[in-house]
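Inspection log for the structure reproduced underneath, given as structure tokens.
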Amino acid sequence: MAARNKARKRAFQILFEADQRGASVQTVLADWVRHARTDDRQPPVGEYTMELVEGYAQYADRIDDLIATYAVGWTIDRMPVVDRNIIRLGAYELVWVDETPDAVVIDEAVQLAKAPWVQIPHPPQVNGP
């Protein structure tokens, strides 16, 4: 798995955990970094993972506004938590990370939604109808 692919997966996991816990993404990121430094079984949190999480956190309200504006037939609160956080991460990268081609961001988001560790089937909002 490529380094950026792993970074996106881990950033998604942090956003997902924060959403599930009702915690800020910065708090969960700090927890992950602390665990990685104190427990040899935990992999380190990479620089690109931190950039994605911190970037999302900076624009979280704007990202949710964009999703709410353009999501067809779904409010952000009704979206499955997995999909909501995949879309949040992808939206951040699409709008604010210029060095990553849009097609790569979209493909990575779709691949995250299809990942074997995702246990539930997803409506088409990640890849559109």
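Couple of notes before you dig in:
- Restricting the range 27-94 to trypsin sites (Lys or Arg not before Pro) that sit in a DSSP loop and have at most 14 other Cβ atoms within 10 Å of their own Cβ leaves Arg41, Arg78.
- Whole-Hz Karplus values for the range 10-17 come out as 5, 4, 4, 4, 5, 4, 4, 4 Hz, taken residue by residue from phi with 6.51 cos²θ - 1.76 cosθ + 1.60 and θ = phi - 60°; glycine and proline positions read x.
- Per residue, the chain reaches -22500 deg cm²/dmol at 222 nm when only DSSP H runs of four or more residues are counted, each adding -39500 (n - 2.57).
- Per-residue ³J(HN,Hα) for the range 95-110, Karplus 6.51 cos²θ - 1.76 cosθ + 1.60, θ = phi - 60°, Hz, x for Gly and Pro: 8, 10, 10, 6, 6, 9, x, 4, 4, 5, 4, 5, 4, 5, 5, 5
- In the context of the full set of protein chains, residues of the chain present 59 Å² of accessible surface per residue (probe radius 1.4 Å, heavy atoms only).
- In loop segments of the range 1-100 as defined by DSSP, the GluC sites (Glu not before Pro) with at most 13 further C-beta atoms inside 10 Å of their C-beta are Glu99.
- The length gained on full extension between Arg62 and Val81, counted as 0.36 nm times the residue separation minus their Cα-Cα distance, comes to 5.0 nm.
- The slack in the chain from Arg21 to Arg37, taken as 0.36 nm per residue of separation less the alpha-carbon distance, amounts to 3.6 nm.
- Translational diffusion of the range 1-60, µm² s⁻¹ [Kirkwood Rh, Cα pairs; Stokes-Einstein; 20 °C; 1.002 mPa s]: 186
- For the chain, the spherically averaged projection of the C-alpha convex hull amounts to 8.0 nm².
- Percent carbon-and-sulfur accessible area, the chain, ignoring ligands, DNA and RNA, probe 1.4 Å: 52
The values are calculated or read from the model by the stated rules, or taken from the named source; none is laboratory data. This structure is a prediction, so every number in the text was calculated from the model and none was measured. Glycine also receives a Cβ, built like all others from the backbone with ideal geometry; neighbour counts cover every protein chain displayed. Keep in mind that these areas ignore ligands, DNA and RNA; they rest on the heavy atoms of the full protein, side chains included. Shrake-Rupley method; radii C 1.70, N 1.55, O 1.52, S 1.80 Å.
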